[in-house]
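> Starting off with a structure, shown below.
A short reminder: the numbers here are calculations on the coordinates, not readings from a lab. Model, not experiment: these values are computed from the prediction. Cβ placement follows ideal geometry from the backbone for every residue including glycine, while neighbour counts extend to all protein chains displayed.
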Amino acid sequence: MVVSVRLTSLMLVCPCGRTSRARYDRSRRRWRHLNFGRSAVVIEAEIRRVDCRGCGRVRTEWTPWARPGSRFTRDFEDMACWLVKRMSKTGVAKLLGTTWAKVDALVRALVDVHLDSDRLSKLYRIGVDEIAYRRGRKFLTVVADHDTGRVLFVGEGRTQHVFGDFLASLGEDGRARIEAVSMDMTPIYRKAAITHIPHAKVCLDPFHVIKWAGEALDLAYQTCREQGVKISVDTMTPTQTWQKVRGALRQPGEKHDPTRAAIIEQLRRKHPRLHRAWLLKEELRRLYQVPAADAAEHLRRWTNRARRSGINAFVTLAKRLRRHRDGVLNAIDLQLSNSLLEAINAGIRLIQRRAHGYADLDNLIEMIHFCHGGVPTQLPTET
Ligand SMILES: [Zn+2]
């Protein structure tokens, strides 16, 4: 279906915004538009070129239905890009009646325009994390901005050099502006941060600290189970009972139902050591609930208690937390966690699943920027 349109204005508008009467030449052109039912629609119009003084060269005049230089209408492009954030490019191509390569080119153009802007010039609080691809066999380093929630950088590999190179690329002023960086416990990124932004506060992710406590408790549980202490729950077999015990230990205390609370109470009487381990886990969780001003004191008391508990797993954890004290407290003080990176991580897994994995790494990185880099996409019907 061919829709012929005509620009009625005598004045020519250059894409730079300048108007002129100086027509250079004219020709007929076509733009691919959204399908009308089963029919492919093209817009056809006579279009003029303008000899623009502002640009100092001949340019095709601006039209309201298409972006400069594009052979698709704005509506088509906007629809395609909106869809790419939600389904595979193959699906989008089929739905809109075009090819994968053309959809891909639209996405690339949009990402290129967006990444050129000064998105790196005002960074204050960033987060860094590793993200698995190729079925978990390879890794990417992803840096995000806590203030906008956007991905800033995606690099191949998970070494301190990848993160270091990103920090180096910010320039001296850019690095000086960074106040805080959140990360998990791996020393890789911490080393790069210490080298390139020594003034910035490293914030260690609370979720990982709690995870350590959970792991220590699991170890204590295993030891206790191997020692064969008897705990009874209703008519269950010993194996079932121990599974119940583990469930009760792992669940946050405030969520316990009466059965689980009773199990913990039995532990207190019959196996005080495991009960103490559970208390230590719960007390460490409370570190993130007490007022920030009390956190340092809470952590100090906790590490002392854990060290004296005689439970190996918690003695080790106490040493570890003493080493990471500043990072743990910074995260509380600045209220920074790596949950933004976890959310982005989930989004990237979704991108990979939609495309059944990515053969081409550049393409995957482009899609990460497209979906999580703040590239604006809007349906033609949205205003
Ligand atoms: Zn111009």
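> Restricting the count to DSSP beta bridges whose residues both fall in the chain, what percent are antiparallel, rounded to a multiple of 5?
70
> Would you please calculate the Kirkwood hydrodynamic radius of the chain over all C-alpha pairs and express it in Å, rounded to one decimal?
Mean inverse Cα-Cα distance, inverted, gives 25.5 Å.
> 222 nm [θ] for the chain, helices only, -39500 (n - 2.57) per DSSP H run of 4+, per residue, to 500?
-15500 deg cm²/dmol
> Another one. What net charge do the residues around D104 carry, taking every other residue with its C-beta under 12 Å from that of D104, with Lys and Arg at +1 and Asp and Glu at -1?
0
> How long is the gain from W82 to H114 if the chain were fully straight, where each residue apart is worth 0.36 nm and the alpha carbon distance is subtracted?
Contour length minus the Cα-Cα distance gives 10.0 nm.
> Can you figure out the FRET efficiency of L95 with R135, using R₀ = 30 Å and their beta-carbon distance, to the nearest 0.05?
0.60
> For labels at R246 and I210 in the simple 7 Å Cα→Cβ model, what's the distance in nm?
Placing both labels 7 Å beyond Cα along the Cβ direction yields 2.1 nm.
> Sorted by mean Cβ packing within 10 Å, highest first, what order do the peptides 151-159, 170-178 take?
151-159, 170-178
> Separation of the range 335-383 and the range 19-89 by C-alpha centroid, Å?
28
> Going Cα to Cα from K319, which lysines come in below 17 Å? Please leave out same-chain ones fewer than 8 positions away.
Filter leaves K211, K281.
> Where the centroid of each part is defined by its Cα atoms, how far is the range 171-211 from the range 307-322 in Å?
When both Cα centres are located, 25 Å separates them.
> Where does helix 361-372 land angle-wise versus the long Cα axis of the chain, in degrees 0 to 90, nearest 10?
On a 0 to 90 degree scale, this one is about 90.
> Using a Gaussian network for the chain with springs between C-alpha atoms less than 10 Å apart, which of these wobbles most: A22, A331, A248?
A22
> At a Förster radius of 41 Å, what calculated FRET efficiency corresponds to the Cβ-Cβ distance of E156 and R269, to the nearest 0.05?
0.15
> Taking Cα atoms, how many degrees apart are the long axis of helix 325-334 and the longest axis of the chain, rounded to 10 and kept between 0 and 90?
Approximately 50 degrees, to the nearest ten.
> Here's something else I'd like to know. Going by average Cβ density within 10 Å per residue, which order do the peptides 364-376, 103-115 take, highest to lowest?
So the peptides 364-376, 103-115, ranked by packing, come out 364-376, 103-115.
> Using 0.36 nm per residue of separation minus the Cα-Cα distance, give me the extension gain between A105 and E382 in nm, one decimal.
Length gained between A105 and E382: 97.4 nm.
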